[in-house]
1. Quick check, is residue 157 outside the structural domain of residue 49 (by TED's automatic domain parsing), modelled with pLDDT of 95 or more and touching a Phe, Trp or Tyr at 6+ places or on another chain (Cβ under 9 Å)?
2. Which one of these is in contact with a Leu (Cβ under 6 Å, 6 or more places away or on another chain), in the same structural domain as residue 152 (by TED's automatic domain parsing) and without any contact (Cβ under 8 Å) to a residue 60 or more places away in the chain: 113, 60, 108?
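The values are calculated or read from the model by the stated rules, or taken from the named source; none is laboratory data. The model shown is predicted, which means the values in this text are computed figures rather than measured ones. In this analysis, Cβ positions are derived from the backbone assuming ideal geometry, glycine residues included, and neighbour counts consider all displayed protein chains.
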Amino acid sequence: MDEVRAYDTEFDRLLEQARDLLGAGDDEHLIEANVSVNQALILRPDSVDGWLLKCQVASATGDDLAALAAAEMAFTRAPSRPECLYWRGAVLGDLGRYREALRAIESAFHALAPEDQWLLEDLFYEKVMVLEALGLPEAAVATCELGLARCPGSPLLRAALVPAERARVRSSLKVLRGGAG
């Protein structure tokens, strides 16, 4: 029994260490964060939380392919977990695979449970970014407004509304000018 406890404790310690290093916001610490999360995954290779953290570390280092691989590892272990769907969508968006990203994000919205509300603001923001990338400014503005209705104090969504609104205005001006732009 003590072995199991020590095993879990070491896993938890390594994940916490990786989270702290990732949160430091220093590129030098990202290498150490990656080592910690890799060690944790050696102890528990089926850990969804471990793979999600690996995804975040890889994303922070700019390794979008490794981030996607880690997101997929988490997703295969928990395909209906909103956080897995969110990270899958975010990384697919980073890779320019916008339609797939949008499907993953929409799935995350549908999978949200009351205890997952902490993810709501990020989901709305990511959806706005993907809709803008797809050239759908009206949908991006509507999503941002819906997000602000659900998360009224969100500085992230307020900041996203400005570029989305600008893109919508530019789009309507092209229509007014007969498509010239």
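1. Details: outside the structural domain of residue 49 (by TED's automatic domain parsing): yes; modelled with pLDDT of 95 or more: no; touching a Phe, Trp or Tyr at 6+ places or on another chain (Cβ under 9 Å): yes.
So residue 157 fails the test.
2. One residue alone meets the criteria, 108.
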